[in-house]
Structure formats: structure tokens, C-alpha cells
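Colleague: Structure provided below as C-alpha cells; questions to follow.
The values are calculated or read from the model by the stated rules, or taken from the named source; none is laboratory data. Note that the coordinates shown come from a computational prediction; the quantities given were computed from them, not determined experimentally. Heads up, the Cβs are rebuilt from the backbone with ideal geometry, glycines too, and the neighbour counts pull from every protein chain shown. Calculation scope for accessible area: heavy atoms of the full protein, side chains included, ligands and nucleic acids excluded. Shrake-Rupley method; radii C 1.70, N 1.55, O 1.52, S 1.80 Å.
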Amino acid sequence: MTITERFSKALDKRMFRAGYILALGLVWQASLSPLMGQFGSNLQYFSQVAINAGSTTSFTINNPSATETITVEAQLYLSDGTPLADGQVELGPEATETLSFGDPQETLTSGWAELKSDDAFIATEFFQLFITGELKPRVGVLPSVASEEIRFLGFVNPQFKSGLALTNPSSTEASEITLRAKDQAGQEPVPEKTLTLAPLHSEAGYLNEEKFLGAALSNYEGVVEISVNSPAVAAVSLIQEIGTGDVATVSVLTQSHIITAETHTALGIGALVSNTTGSYNTASGDSALFSNTTGSENIAIGYLAGENNSTGNNNIHIGHSGFNESNTIRIGGASHDNAFIAGVQLVPVSSRQFKQDIHDMDKASSDLMRLRPVTFRYKKAYDSGEGRLQYGLIAEEAAEVYPELVVYDDTGKVKTVEYQKLPAMLLNELQKQHQVVQQQQEQMQQQQEQMQQQQVVTDNLRERLSRLEHVLSLQSAASTHRLGSP
């Protein structure tokens, strides 16, 4: 399946729900220094605005603070840096307001926007487009992130056409920007292009326009790389679906939502969005590691995976929101009842360095004989499909004998037996039995020696008795002879 086919499939399945066109496109950003215009920060950029002649641009702004009132100022610029419009909104604690710009009677004007406040806020930009007499759905866009290196998937083919909206947010320094295309084989089909953006200037257009990579870029599917000297540039990718007669039927402006920093990898809107000094984190999924600020070497996979971790290190969260902790693996949530892992052997740590309060097991395993071994087959809902005969224990029965030998779920219900603990307990009982057998063998040896000694005494007594009988026999014969003499 080509990139275009995968892209089309994503459109069909995800982008047209409830009459809205959601953010679309894949964009990587790297070297986030400084990290400006970030979602949820106090300075945010939107690299494309369209107002007037049937188009309106509005910003839905939220105050995340539960106690403070904040003021957010919006400044819209033309592409040449000329101020276009401005406005501000005051938000009470946890309040949400919409700030709109546009007059249907005036000429269509485009540019970019900067939103700022003394405090953090959350903003989303919406476009309401009126094209060829038909009102189009609103298009939601999160803020662009100012970066020194950006990568995104680009298309120039009969089905899709990709474009860019680039902004230099600096009011004093120009930005030198280099664009290059790399196909799926890593080759550059056209020469790279360098352009300069003056302070507060922006540039928007399709990839195959002369101001960008030129008309020679055609039938293209691959990566577009953007590198900037200084200051950073905020960028947003523009995807248009081409209908009959090359008329754009859908316009989608997308925020750069896959971030790959020098020491991070983040995939998904809001993924790793709060990070400050943490490093070597991997976040895959919308809002994965959302609250992480200083935590490092964490891995989070899935929607909201690891979202509760802010300063913890070296965690792995897969399908679990996690906690602010360190050196912990959490897989799955409360709704997961079973786990089937093929070819995996889990071995707990066993070194003395990890243990305390070490004592001989002694009589702790004495009740093992009260456990009832059984054979069984798993119910179909929990079986791998083979229906094989199984050997084990009933967890509820084991809990009556050894409560610490079973695992309980979040509701306190018995779940399974920790079979890995049984071998050590069985070994203890085996050693105890071995000691008993040894003692019995020693006793038997002693008894055998005593019997041998008794045999020797008995043999001696028999020999003495035999001699005595012989003497008595001789005496009796002599006495009989004397009595019969003439």
C-alpha cells in the first residue's frame, strides 16, 4: 500500500465525523530549542489564517487554571509582517471563549497569527470556509511549534496536493530556510530550495510552486525536510484533496503534531507536550506522556499512556495512564481481564541486594499439603482455542490456605495463583522431608549397630552356655560311675 493509499484510508476512517474535518497529516519536528508556540504554553503561533470574502478564522481559548483569571491577546499579521487585526479575551478560571476575525464583505486576506498571555492557555484555531457557493465544515488546527528542523509527509499527485505555511515569528532577525524532498528510497527528486523570510513574514503555497520546490516536483510521495538557521520557524502542512476539474473539495490545515527532538520521539497530538528538561523519552499516542516535564527515559504507548507521569524516570506505560513513579512497567488498564503472551518468560529479581528481612522458611510452607491440585480446562472465552487439559490450583481455595499466594484484582476479587512462589515452598518441604529421612536413616544405622552388638553378646552367651552344659554333662557322667562301682 502506497503512502497515498494509506493517507486516503485515514481520511475515510477518521477525518469526516460529525461534520468536522479533523487535523490531518504527519509532521516531525526536531531540535526544539527554544520550544516556542507550544500547545498549552503562554505563546502560541498559527501559521495560516484566512479571513473575509466568506472565510472566518476563530480561536477557541481555554484557561486551564482553576484559580486565576488570565488575558489572552491575539495579533494577526499579513504575510509581509504588516499587522492585520488584533483582539483580546479575558478568561475566568477554567473558562472557554471564542475570538473571531473576518468580514464576508471584504477581500479575502491571509497571513498568520500570534497568541500570547502572561499565563499558560490552550487554544485551537478554526476556519469556516465558503467555497464556490457552498459552506464547508470548520477545520480545527492546533498551534504550530517553532522549531529549527521540521519533517512531514508530502504529496504531489492526482489525488492529493501538499503545501506549506511558513512563519518567521522573530521581530528582529530574518530566517534562512532550506527545503528538500526525499522519496521513499531516500533520493532527492529535485534540487533543494533556500528562501529567506524577513522578520514577522510568512509564506504559503503548494510544494510544487516555484517559491518552494518547483514544478519539477510531480507524482511525488515522500518526506519533505525543512531546516532553518536562526531563529526558529513555525510551520504547518496544508493538504488538499483534488476532485474533478482540479477543484479543491477539501482543505485541511494541520499542526505539526509528531515531534522528534534530538533526545525524544513523540507521536500524536499532545504527546510529550509539557516536557521541559526531560530527555530520551518516547511517547506514541495522543497525549502520551502529556504531563511529563522533567522525567527521562520513559516509554509510553497508547492514548493517554503515561499521562500522569511528570517527573518519574525509566518507566514503561503501555495502554496505562501510569503514576508519577520510576523504574516501573505498567501494561493495560482496569478493563483488561486476561493476558496471553507467547514465548515470554518472566523472571523476578533474586539477588540478595534486592531483599531484606531474610529468614529461613521453616514452618511457613507446612500447609502446602492442604492445597488441592486439580486438572481442568479453560472456558472458551479464556482459552487459546485448543481446549487442552490443564494442571493447577483453584485460586479461591489457595487463598484460604495462603492469602499471600494469590493475586487480587482492583475490586479485591481473587484472580490467580502466583505459581512462581510454589517451587521454593516445595523445596523447603522437600528439604524438611530429607532431614527427616536422614534422621531416620541415622536412627536405623544406630539400631543396626546396637543389634549387631547384641548379637555378639548373644553369641558369647550361647558359647558360654554350651561350655557350661558340656561341663555339667561330664560331671553328671562321673557321678553316675561312682555310684555304680562294686
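Colleague: What residues have an amide H closer than 5 Å to that of Asn229, excluding those fewer than 5 places away on the same chain, when H is modeled at 1.01 Å from N in the peptide plane?
Modeller: Here the answer is Glu176, since their amide H atoms fall under 5 Å of that of Asn229.
Colleague: How long, wide and thick is the stretch 335-486, going by the Cα atoms along their three principal axes, in whole angstroms, largest first?
Modeller: 124, 42, 30
Colleague: Okay, next question. Scan around Leu84 for amide H atoms under 5 Å from its own, H built in the peptide plane at 1.01 Å from N, and keep only partners 5 or more places away or cross-chain.
Modeller: Leu76, Tyr77, Leu78
Colleague: Taking the mean number of other Cβ atoms within 10 Å as a proxy for protection, how do you rank 207-214, 314-321, 416-423 from highest to lowest?
Modeller: Packing proxy ranking, top to bottom: 314-321, 207-214, 416-423.
Colleague: Using a probe of 1.4 angstrom, how much of the accessible area of the stretch 396-443 is carbon and sulfur, in percent?
Modeller: 53 percent
Colleague: Next up: Would you mind working out the accessible area per residue for the stretch 157-202, using a 1.4 Å probe, and quoting it in Å²?
Modeller: 45 Å²
Colleague: Among the listed pairs Lys182/Lys211; Lys355/Lys432; Lys161/Lys193; Lys355/Lys421; Lys161/Lys182; Lys379/Lys415, which are separated by more than 20 Å between their Cα atoms?
Modeller: Checking Cα-Cα distances, Lys355/Lys432 exceed 20 Å.
Colleague: Skip the ligands, DNA and RNA, and give the accessible area per residue of the stretch 330-447 with a 1.4 Å probe, whole Å².
Modeller: 85 Å²
Colleague: Okay, moving on. Hey, how much of the P(r) for the stretch 347-434 falls beyond 23 Å, as a percent of Cα pairs?
Modeller: Looking at the stretch 347-434, the distances longer than 23 Å represent 37 percent of pairs.
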